[in-house]
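The values are calculated or read from the model by the stated rules, or taken from the named source; none is laboratory data. This structure is a prediction, so every number in the text was calculated from the model and none was measured. Virtual Cβ from ideal backbone geometry, glycine too; neighbours counted across all protein chains shown. Ligands, DNA and RNA are excluded from the accessible area calculation, which covers all protein heavy atoms including side chains. Shrake-Rupley method; radii C 1.70, N 1.55, O 1.52, S 1.80 Å.
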Amino acid sequence: MSDEMVQSIAWRRDFATGVGIIDDQHRVLINMLNDAAAKLTDQSTAEEIGRIVRGLLNYADYHFKIEERLIEDHGYARERSADAGSHLREHREFVAQVMEVGQRLEQGKRVTRDELVTFLIGWLTNHILHSDKILGAFLLDKRIGGSR
Ligand SMILES: [Fe+2]
């Protein structure tokens, strides 16, 4: 096992959107990602990688639906259409990219552990710090979702 492997992603204070359900689900996603990073090695089989990828995709899909309902229900799509549009686009791109990894695995192509973990950690960090925090601020402004 090499020391240079991308190990984990830690919850950071600035990940907090202030919207309880979003933050709770982000913590679950971060835990799932850390589990994946810990379990995967360069010797992982396509089946193992596939199982982990499907688990992440299932939870991400559920989480995106919750966020997208908040986006629809509280005027974000209407009042901040550009932000809402790019937010939804990022969700769709994530799903498409993770599905593409699944397809490559099915075709017997190689997916390296670092490639996968680096992509997942990078995407989540960037999406939370930008799109989700902008959405969170909007919702909190409307007194929606704050739990702590
Ligand atoms: Fe999001």
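Numbers for the structure displayed
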read-out: Once the Cα gyration tensor of segment 1-77 is diagonalised, semi-axes √(5λ) in Å; value: 29, 16, 8
read-out: Full-stretch length increase - Ala77, Gln103 - with 0.36 nm per residue and alpha-carbon distance subtracted; value: 6.2 nm
read-out: Hz values of 3J(HN,Hα) by residue in segment 70-77 - Karplus curve (6.51, -1.76, 1.60), Gly and Pro given as x; value: 4, 4, 6, 6, 10, x, 5, 4
read-out: Ser86, Ser8, ranked by accessible area, largest first (probe 1.4 Å); value: Ser8, Ser86
read-out: Packing rank of 15-23, 96-104, 56-64, where each peptide gets the mean count of other beta carbons within 10 Å, highest leading; value: 15-23, 56-64, 96-104
read-out: Coordinate range along principal axes, alpha carbons of segment 89-148, Å, largest first; value: 49, 19, 17
read-out: The chain: C-alpha gyration tensor shape, a/c 1.5 cut-off, then a/b vs b/c; value: prolate
read-out: Share of carbon and sulfur in the accessible heavy-atom surface of segment 18-141 [1.4 Å probe, %]; value: 51 percent
read-out: Per residue value of the accessible surface for the chain (all protein chains in place, 1.4 Å probe), Å²; value: 57 Å²
read-out: Count of lysine pairs in segment 4-144 with Cα separation under 26 Å (8 or more residues apart, or interchain); value: 4
read-out: Helix axis angle, 81-106 relative to the chain longest principal axis, alpha carbon, degrees; value: 20 degrees
